[in-house]
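Working notes for the structure below.
The values are calculated or read from the model by the stated rules, or taken from the named source; none is laboratory data. Since we're looking at a predicted model, the values are computed, not measured. A quick note on method: Cβ atoms are made from the backbone with ideal geometry, for glycine too, and the neighbour counts reach across all protein chains shown.
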Amino acid sequence: MKSQITSALSDFFFEYETQRQVLVRNRRVGVVCRIIQLGVLAYIIGWVFIYEKGYQSADTAVSSVFTKMKGVGYTETNGVEEIWDVADYVFPSQVRTQCVRSACRSSTPSSKGDASFVVMTNYIITQNQTRGKCPELPGKHNCTKDSECEEGRYKRTGNGHMTGVCVPETKTCEVIAWCPVENDHTIPDPPLLMSAENYTLFIKNSVTFPLFGVTRSNLVEGIDGKYISKCLYHPDTDPLCPIMKLGDIVKFSGFDFTTIARVGGAIGIVVDWTCNLDVAVKHCKPVYAFHGLYGNPDEKDKVRASVGYNFRYAKHYMEDRIAKRTLYKVFGIRLDIIVQSLARKFDIIPTLTAIGSGVGIFGVATVVCDLVLLHLLPKRKYYKDMKYKYSKTQQQVSFKRVRFERH
């Protein structure tokens, strides 16, 4: 018993088992095998290592965006001159925005800056509104008699609660609302703030890749105060300038400024940080891209359910102890600054993992060639006999021995 255990342990520790291989000289099988192996090799080198960078670890950034608009607008309507600065035409009051990976949150108010805001380009103004009773606009809720104006009812497209009275002069229902009610049927054309085309946007963005301990800013090497004071972004001549003219942003996104300024719209500014940290970190620089989010300038207005971008706000004041307000319906360009990031750097772990998986895929060639060799070729029985060695059971050996002794 002791000798058997010793022998088993000796065999386990000091013997090595290897598979028996059969060398088959067959052109068709050989060509199939090499084609599959070359395909697997091309996949590993071309796709896994070169395209997918399988030898590198990847990380996304913690990002912070700070923006500042500059420019002054001038309008003259009904003989009234007005000056519009950044405090008047940018909504909401801008705050610094922090983006953790791809999630953004607003922090406490600081200098003018946000990652999503609206620049007013056109507006409809309704002045001297007071709380009271007045008729609806034609088309909002038409009527011919009082019974058609149910008291206390509110129509979704209306401006207030109906009093139950039909006003003969306008043939519309009387409502309790801010009077006179807003008339937004006619949108100013051309837009009142066409000067917005010359406003400038300054973007300050910093990113940190925690996995690699790398921090970068879009004010990269060479972007100093002297350069910023005179540069203006252009994808060919000044691709790293962080100051952009609003008219250029609209043009690069594929919109026509007059069209989008009249009814409003939305544009996405993408700051792309795709960095290879295997080279010097100074080569990690942002790339700006501009995308029209809505509406499509090639789409006809009549086929769309909702056109442009607008909202309302009011300025309240007291006059002769009466509460009044001036209502603005604002049409503007919504700018969404989106930070995309992906940094890569060499790492031995993903490299070995990619190589190991590639070596495993090479086994596909063996499986396919065995199928062809043992099941499809005319000499498959011969190849089976060469590949497999069949052992005889004890019953078969005893049967042959009995037959031999009888003879």
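From the list 250, 303, which one is modelled with pLDDT of 90 or more and not polar (S, T, N, Q)?
Details: 303 fails: modelled with pLDDT of 90 or more.
Result of the check over 250, 303: 250.
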Residue 152: touching a Lys or Arg at 6+ places or on another chain (Cβ under 9 Å) and free of Cβ contacts under 8 Å to residues at least 40 places away in the same chain, yes or no? no
Okay, strands (runs of 3 or more DSSP E) sitting entirely in the stretch 36-86 with 2 or more residues that are out of contact with any Cys (no Cβ under 8 Å at 6 or more places or on another chain) and among the hydrophobic types (A, V, I, L, M, F, W, C), I get 62-70, 80-84
Assuming residue 152 fulfils every condition listed in (1) at negative phi; (2) part of a loop (DSSP other than H, G, I, E, B) apart from one, which condition is it? (1)
Is there a residue being in a strand (DSSP E or B), at negative phi and surrounded by 17 or more Cβ atoms within 10 Å (Cβ to Cβ) anywhere in the stretch 305-316? yes
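I'd like the full set of residues that are in a helix (DSSP H, G or I), touching a residue at least 60 places away in the same chain (Cβ under 8 Å) and surrounded by fewer than 15 Cβ atoms within 10 Å (Cβ to Cβ), limited to the stretch 238-280. I'd like the intermediate steps shown before the answer.
Kept after step one, since they are in a helix (DSSP H, G or I), are these residues of the stretch 238-280: 246-252, 257-263.
So of that shortlist, the ones also touching a residue at least 60 places away in the same chain (Cβ under 8 Å) come out as 246, 249-250, 257-258, 260-263.
Across the stretch 238-280, the qualifying residue is only 258.
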Of (1) assigned by TED's automatic domain parsing to the domain that holds residue 281; (2) assigned to a loop (DSSP other than H, G, I, E, B); (3) out of contact with any Asp or Glu (no Cβ under 6 Å at 6 or more places or on another chain), residue 181 satisfies every one except (1)
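Looking at the stretch 202-237 only, could you name the residues that are among the hydrophobic types (A, V, I, L, M, F, W, C), assigned to a strand (DSSP E or B) and either farther than 26 Å from residue 62 by Cα or in contact with a Pro (Cβ under 7 Å, 6 or more places away or on another chain) (or both)? So that I can check it myself, show each step before the final result.
Within the stretch 202-237, the subset among the hydrophobic types (A, V, I, L, M, F, W, C) is 202-203, 207, 209, 211-212, 214, 219-220, 223, 228, 231-232.
Then keep just the ones that are assigned to a strand (DSSP E or B); that gives 202-203, 207, 209, 214.
Scanning the stretch 202-237 gives 202, 203.
So, residue 73, is that one among the small types (Gly, Ala, Ser), modelled with pLDDT of 90 or more and either buried (at least 18 other Cβ atoms within 10 Å of the Cβ) or in the same structural domain as residue 379 (by TED's automatic domain parsing) (or both) or not?
Details: among the small types (Gly, Ala, Ser): yes; modelled with pLDDT of 90 or more: yes; either buried (at least 18 other Cβ atoms within 10 Å of the Cβ) or in the same structural domain as residue 379 (by TED's automatic domain parsing) (or both): yes.
Answer is yes for this residue.
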Kindly establish whether residue 182 is among the charged types (D, E, K, R) and either more than 25 Å from residue 263 (Cα to Cα) or crowded, with 19+ Cβ neighbours inside 10 Å (or both). no
Please identify the pairs in which a residue from the stretch 124-146 that is without any contact (Cβ under 8 Å) to a residue 40 or more places away in the chain and farther than 27 Å from residue 191 by Cβ has its Cβ atom under 9 Å from the Cβ atom of a residue that is of a type in the set (Ser, Thr, Tyr) and surrounded by 13 or more Cβ atoms within 10 Å (Cβ to Cβ), counting only partners at least 6 apart or on another chain. 141/172; 142/170; 142/172; 143/172
Six or more apart or on different chains, Cβ atoms under 7 Å: show the pairs whose first residue is in the stretch 27-55 and closer than 16 Å to residue 369 by Cβ and whose second is among the aliphatic types (A, V, I, L, M) and surrounded by fewer than 18 Cβ atoms within 10 Å (Cβ to Cβ). 29/372; 32/368; 32/372; 36/364; 36/368; 40/361; 40/364
